[in-house]
Amino acid sequence: MRYHTGRYQIFNDTDDVDPMSYLVNLFDVAMVFAVALMVAFAIRIRMTEFLTAEDATFVKNAGKADMEIIVKKDNKITRYKSENTTGSGKGRRVGIAYQLENGEVIYVPEKEN
């Protein structure tokens with residue numbers, strides 16, 4: 001019979017330890033870490049609007065050749081990428097674009113007759 005005395009009695013316990021219990025705890029820690037990384041990534045690239053239920057539009061690299069528009073509407077995300085092609089075909093004028101002094105471009109749709 002062994003008698004344990006002292007303040008570190010819990011570490012001298014000779015009961016069998018299940019090694020799988022440590023893996024379960026590591027899995028829980030990994031899942032919390034992964035969720036924290038995803039939230040930090042969304043905050044870093046300023047896309048927190050996509051974490052809410054509201055509709056949102058996000059423009060990446062505005063005015064450049066690799067511009068991309070990301071639209072979230074009704075919890076569905078759609079991506080539009082620019083192409084280096086010139087449009088052709090028949091169509092009709094639908095509006096006018098104006099560039100302000102600060103560089104912002106505003107689109108004004110025309111009323112249909």
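The values are calculated or read from the model by the stated rules, or taken from the named source; none is laboratory data. Nothing here was measured: the structure is a model prediction, and the numbers come from that model. Backbone-built Cβ (ideal geometry, glycine too); neighbour counts: all protein chains shown. With ligands, DNA and RNA removed, areas are computed over all heavy atoms of the protein, side chains included. Shrake-Rupley method; radii C 1.70, N 1.55, O 1.52, S 1.80 Å.
Where the second residue is part of a loop (DSSP other than H, G, I, E, B) and open to solvent by less than 90 Å² (accessible area, probe 1.4 Å) and the first is within 20 Å of Lys64 (Cβ to Cβ) and lies in region 97-109, which pairs have Cβ atoms under 7 Å and are six or more apart or on separate chains?
Ile106/Leu100
Report, by residue number, each residue of region 86-103 that is open to solvent by 100 Å² or more (accessible area, probe 1.4 Å) and in a loop (DSSP other than H, G, I, E, B).
Correct list: Thr86, Ser88, Lys90, Arg92, Arg93, Glu101, Asn102.
Tell me the residue from Arg7, Arg79, Arg2 that is surrounded by 10 or more Cβ atoms within 10 Å (Cβ to Cβ) and either modelled with pLDDT of 85 or more or assigned to a loop (DSSP other than H, G, I, E, B) (or both), please.
When all the criteria are applied, what remains is Arg79.
Six or more apart or on different chains, Cβ under 8 Å: which pairs go from a residue in region 22-46 that's free of Cβ contacts under 8 Å to residues at least 24 places away in the same chain to one that's of a type outside the set (S, T, N, Q) and assigned to a helix (DSSP H, G or I)? Could you list them?
Val39/Leu51; Ala42/Phe50; Ala42/Leu51
Matching residues to (1) part of a helix (DSSP H, G or I); (2) small (Gly, Ala, Ser); (3) open to solvent by less than 100 Å² (accessible area, probe 1.4 Å); (4) at pLDDT 80 or above:
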{"position": "Met38", "(1), (2), (3), (4)": "yes, no, no, yes"}
{"position": "Ala42", "(1), (2), (3), (4)": "yes, yes, yes, no"}
{"position": "Phe50", "(1), (2), (3), (4)": "yes, no, yes, no"}
{"position": "Ile106", "(1), (2), (3), (4)": "no, no, yes, yes"}
